[in-house]
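A.B. asks: The structure under discussion is supplied below as structure tokens; questions concerning it will follow.
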Amino acid sequence: MTRSEFIKAVVANPDGEIFDLDGYAAVGADGPILAPLNTTDTISLPFGSELMMLPHRRPIVFNLQHQQIERIDENPYIPGEPIFPVAAFNSPGYVATHVSAYEEIGSTHPLPLFSYGAVGWALGGFRSAAVRVDWERRQDLRLMPKDGVLGGVQEMRQHLPDNRLREHLENCALVYGYPAGKNFFLQRYEAPLPTSGRCNARCLGCLSMQSDSDIPCSQQRIDFTPTAEEIAQVALVHLRKVNRGVVSFGQGCEGDPLLAVNVIEPAIKLIRRETRRGTIKLNTNASRPEVISRLLNAGLDSLRVSLNSIRADHYNAYFRPSGYDFGDVVESIDRAVDHGAFVFINYLNIPGFTDQPEEIDALTELLATHRVHMIQWRNLNYDPQRYWLAMGKVSPGSKPIGVRNGLNRIRDAFPNIKFGYFNPPKEKFGHILRHRY
Ligand code: SF4
């Protein structure tokens with residue numbers, strides 16, 4: 001390979017200024033496998049992605065002169081000045097194939113709850129080690145003008161003045177800037193219906209609850225339970241206005257919606273009493289099959305089940321479930337399919353674990369024996385090195401085969417299973433993109 005095919009390493013100085021390094025190529029980590037990145041296995045950094053400097057860590061790069069992978073501690077342009085690795089938090093719709101390569105130095109805290117894709121510089125711009133899995137522009141920030149969001153907020157205040165869920169979503173859209181909240185006020189695509197303050201799992205990377213770690217939560221968990229009427233009001237505004245609209249229980253700012261069945265079940269009935277339009281969806285850990293059946297009978301259209309692994313022991317090590325097991329999750333999938341609902345797996349990826357042969361084999365086995373309509377390939381927001389450690393304690397696993405190869409293996413074995421990132425409306429469930437990576 002010639003020098004021009006590699007992408008340059010990018011690093012940060014102590015002030016967080018990001019720059020590229022002459023003479024060094026960027027390196028991506030796929031678990032223990034470190035490899036210099038080139039222009040063919042990277043893409044232009046997707047619009048809306050963010051670059052992050054990783055404190056208390058040192059970059060691992062490829063020295064082009066010595067043709068070796070090495071750690072660098074100092075800024076080659078300013079001797080004595082420390083430098084830090086840089087990672088990409090890719091926009092929704094893209095899944096990382098490699099994580100940023102670095103070494104921790106001294107005693108460090110885990111990284112905050114984001115994903116840490118490998119990134120470099122070539123062809124006049126940043127390049128990301130990622131593949132695109134969804135082409136919809138649902139969370140494209142260019143389509144979410146601030147004026148439009150503010151206008152929608154004013155309109156909803158008049159329309160639903162006393163609705164606490166509407167007020168909660170305002171905070172979501174205006175204070176935290178979450179795309180799902182903004183889309184409710186812009187009346188497009190999918191509206192969130194956060195409901196539950198409780199959960200029966202303790203995920204290592206739970207965004208809204210970290211009870212036994214010093215990792216800061218990236219979302220604040222909802223601190224009240226909306227009534228069924230409040231939920232139905234918000235959902236109906238969205239479903240009546242939006243063509244092919246989706247409303248979803250189970251958001252990053254809540255626990256698991258199955259623990260709020262007492263309000264969700266009547267809310268679904270209220271919605272379906274008023275309209276057949278749109279898709280009602282549940283994002284969940286799928287821990288309670290009997291509750292899933294109740295919600296399906298009430299009018300739920302689709303179920304999205306979050307999994308970090310298809311192997312029970314690795315699932316348990318990450319989800320740390322209480323009062324349920326992996327068998328319950330699979331039973332929920334089967335019940336939803338038998339009922340005629342559309343079932344998606346929200347498959348939380350970190351390269352180096354998700355692309356281990358044992359994990360791909362387990363996914364293949366699940367898909368061969370239980371009907372699933374779609375896999376949503378998502379980046380797991382968790383410190384990658386700590387994740388490899390936690391999963392490696394369960395079983396070390398074999399050498400990863402590469403995220404692209406993993407995706408292609410599943411695509412070839414199950415050509416009728418849809419790949420994507422976002423929740424499709426029910427009208428598009430049958431449409432399958434047969435993309436290879
Ligand atoms: S299932 Fe969801 S709400 Fe519950 S601990 Fe895991 S991430 Fe948090």
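A.B. asks: Just to be sure, is G299 surrounded by fewer than 22 Cβ atoms within 10 Å (Cβ to Cβ) and within 15 Å of the ligand (Cβ to nearest atom)?
C.D. replies: no
A.B. asks: Related question: Could you list, in sequence order, all residues of segment 261-290 that are outside any loop (DSSP other than H, G, I, E, B) and within 16 Å of the ligand (Cβ to nearest atom)?
C.D. replies: Taking segment 261-290 first, the residues outside any loop (DSSP other than H, G, I, E, B) are 261-274, 279-284, 289-290.
Correct list: V261, I264, K281, L282, N283, T284, P289.
A.B. asks: Another question about this same structure. Identify, from the list Q251, Q233, the residue that is over 27 Å from R378 (Cα atoms), touching a helix residue (DSSP H, G or I) at 6+ places or on another chain (Cβ under 8 Å) and among the polar types (S, T, N, Q). Write out each step before concluding.
C.D. replies: Working: Q251 fails: over 27 Å from R378 (Cα atoms).
One residue alone meets the criteria, Q233.
A.B. asks: Scan segment 186-243 residue by residue and report those that are of a type in the set (K, R), out of contact with any Leu (no Cβ under 9 Å at 6 or more places or on another chain) and away from the ligand (no atom under 15 Å from the Cβ).
C.D. replies: R240, K241
A.B. asks: Please enumerate the residues belonging to segment 328-360 that are of a type in the set (G, A, S) and assigned to a loop (DSSP other than H, G, I, E, B).
C.D. replies: Filtering segment 328-360 for residues of a type in the set (G, A, S) gives 332, 336, 340-341, 352.
Answer for segment 328-360, where residues must be of a type in the set (G, A, S) and assigned to a loop (DSSP other than H, G, I, E, B): G340, A341, G352.
A.B. asks: Among the residues of segment 311-329, which ones are crowded, with 16+ Cβ neighbours inside 10 Å and more than 16 Å from the ligand (Cβ to nearest atom)?
C.D. replies: Matches in segment 311-329: R311 only.
A.B. asks: Still on this structure: For T279, state whether it is crowded, with 22+ Cβ neighbours inside 10 Å and of a type in the set (S, T, Y). Spell out how you get there, then give the answer.
C.D. replies: Numbers: crowded, with 22+ Cβ neighbours inside 10 Å: yes; of a type in the set (S, T, Y): yes.
It is true that T279 is crowded, with 22+ Cβ neighbours inside 10 Å and of a type in the set (S, T, Y).
A.B. asks: Which pairs have Cβ atoms under 7 Å, sit 6 or more apart or on different chains, and link a residue in segment 124-149 that is of a type in the set (V, I, T) to one that is part of a loop (DSSP other than H, G, I, E, B) and at pLDDT 85 or above?
C.D. replies: Close Cβ pairs (under 7 Å, with a partner that is part of a loop (DSSP other than H, G, I, E, B) and at pLDDT 85 or above) amount to V131/T97; V133/G93; V133/Y421.
A.B. asks: Next question, about the same structure. Going by the conditions given, is A87 closer than 20 Å to A122 by Cβ and without any contact (Cβ under 8 Å) to a residue 40 or more places away in the chain?
C.D. replies: Values: closer than 20 Å to A122 by Cβ: yes; without any contact (Cβ under 8 Å) to a residue 40 or more places away in the chain: yes.
It is true that A87 is closer than 20 Å to A122 by Cβ and without any contact (Cβ under 8 Å) to a residue 40 or more places away in the chain.
Residue-by-condition table, conditions (1) hydrophobic (A, V, I, L, M, F, W, C); (2) out of contact with any Phe, Trp or Tyr (no Cβ under 6 Å at 6 or more places or on another chain); (3) in a loop (DSSP other than H, G, I, E, B):
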residue	(1), (2), (3)
A173	yes, no, no
K182	no, yes, no
R188	no, yes, yes
N200	no, yes, yes
G205	no, no, yes
E230	no, yes, no
A235	yes, yes, no
G252	no, yes, yes
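A.B. asks: Which residue, of L169, L150, is outside any loop (DSSP other than H, G, I, E, B) and buried (at least 24 other Cβ atoms within 10 Å of the Cβ)? Steps first, please.
C.D. replies: Details: L150 fails: buried (at least 24 other Cβ atoms within 10 Å of the Cβ).
Answer to the selection: L169.
A.B. asks: Every residue in segment 239-290 that is over 26 Å from the mean Cα position of the chain (by Cα), touching a residue at least 60 places away in the same chain (Cβ under 8 Å) and farther than 29 Å from G327 by Cβ, please.
C.D. replies: none
A.B. asks: Run W135 past the list (1) buried (at least 21 other Cβ atoms within 10 Å of the Cβ); (2) more than 25 Å from M209 (Cβ to Cβ); (3) aromatic (F, W, Y) and report the number of the one that doesn't hold.
C.D. replies: W135 satisfies all of (1) buried (at least 21 other Cβ atoms within 10 Å of the Cβ); (2) more than 25 Å from M209 (Cβ to Cβ); (3) aromatic (F, W, Y) except (1).
The values are calculated or read from the model by the stated rules, or taken from the named source; none is laboratory data. This structure is a prediction, so every number in the text was calculated from the model and none was measured. Note that each Cβ is placed from the backbone with ideal geometry, even for glycine, and that neighbours are counted across all protein chains shown.
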